[in-house]
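One structure is given below, encoded as C-alpha cells.
We did not get these values from a lab; they are worked out from the coordinates using the rules stated. Nothing here was measured: the structure is a model prediction, and the numbers come from that model. Here the Cβ is made from the backbone with ideal geometry for all residues, glycine too, and neighbour counts use every protein chain on show.
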Amino acid sequence: MVPLNYYLLLSAVLFVIGAAGVLIRRDLIVILMSVELMLNAVNLTFIAFARSLGSMDGQVIVFFVMTVAAAEAVVGLAIIISVFRHHRTLDPRQMQLLKW
Amino acid sequence: MTGPMIFFSILAGLSIAFSLLVVFQRNVVHSAMALVATLFLIAVLFLTLDAAMVGILQILVYAGAIMVLFLFVIMLLNPGVLEARGIAWWLLGSIAALLLLFELASLLVDSRGLIPGQAPAGASFGSPEMLAQSLFNDFVLPFEIASVLLLVAMIGAVVLAKREP
C-alpha cells in the first residue's frame, strides 16, 4: 500500500499549484479553473483520510464539495459573462470600479 | 518499489505535470484541456483509494459537466488575445506559492507520527451502497441543503447572465 503521507504531499503540491494560478494569472477563466484545481486537491486529502481511517464520512464530504464546486463554477461563469459584457475584457486589472 | 507505489508515482507525476500546464500556459483552451486531464488522473487516484463511486462521479461531474461548461464559456467569449507574460510577476507569484508549499510539506513531515496507519477496508468500502447509507442516514440535512443550493445557483446564473433589456 502507498502510505497516507504520499497522498497528502501530492495533494499539497496540487493545492499550491492552484494557488499559484490564482496569484499569477490575469485571466478570470483561468483563475476560476485554478480554484477548481485547489478544490480537487482538498478532495484528494479527504479521500485519502477516509481510506486511512476506514470511514465513509470523508467520501460523503467530497460529494458535497463537488456540489458546491458545481454551484460555484456556474455562478462564477455567469458573473464572468456579465462582466465581459460591460468591460469587453477578462483582465481583472481592468475591473477597478470600486478602487479608490 | 512495489507495484502500487510505481503506479502511484506515475499518476502523481502526470497529475503534477498537467496541473503545471493548467497554470503556466497562455492559451485558455489548452489550459482547460490540461485541467480535464488532471481531473481524470485525480479520479484514478480516487480509485486507488477504494473510492470507486466518488471517482466515477468525479469523471462525470467534473471532467464531464463542469469542464464542458468552462469550454462553452471560453468559446462564447472568445478572448482571442493571449495573456501577456509578465516575468517578474510570475516569478513573484511562484515564489509565494513555493513558500506555501514548504510550509505545508514541513508540517506534513513533522506530523508523520500522528497519522494513523491504514485501517483494513471492507470489501464494499466506497461502493454506492455504503455511500448512500452514509449519505441518507447521517447526512440527510446537508443533502437537502445541497439541493436548495443547486436551485439557488441555477436561478442566480440565469439572472446574472440574462441580457438586460
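Details
- Gyration tensor over alpha-carbon atoms, the range A:1-41, equivalent ellipsoid semi-axes in Å: 25, 8, 5
- In nm, spacing of pseudo-spin labels at B:ILE95 and B:LEU60 (7 Å Cα→C-beta vector): 4.7 nm
- For the range B:27-37, putting each phi into the Karplus relation 6.51 cos²θ - 1.76 cosθ + 1.60 with θ = phi - 60° gives couplings of 7, 5, 5, 5, 4, 5, 5, 5, 5, 4, 4 Hz, in residue order, rounded to whole numbers and with x for Gly and Pro.
- Within 10 Å of the Cβ of each residue in A:92-98, the mean number of Cβ atoms contributed by other protein chains is 0.
- The mean count of C-beta atoms from other chains within 10 Å of the C-beta of residues in A:74-87, rounded to a whole number, is 5.
- Alpha-carbon geometry of chain B: the Rg and the Dmax are 20.3, 64 Å, given in that order.
- Label positions at B:VAL109 and B:HIS30, each projected 7 Å from the Cα along the C-beta direction, are separated by 3.4 nm.
- Chain A: angle of helix A:28-53 to the longest principal axis, Cα-based, in degrees nearest 10: 10 degrees
- Part-to-part distance (alpha-carbon centres) for the range B:37-74 and the range A:23-92, which is given in Å: 12 Å
- Helix content alone sets the calculated 222 nm mean residue ellipticity of chain B: runs of n ≥ 4 DSSP H residues at -39500 (n - 2.57) each, divided across all residues, give -23000 deg cm²/dmol.
- Label positions at B:ILE6 and A:ARG93, each projected 7 Å from the Cα along the C-beta direction, are separated by 4.9 nm.
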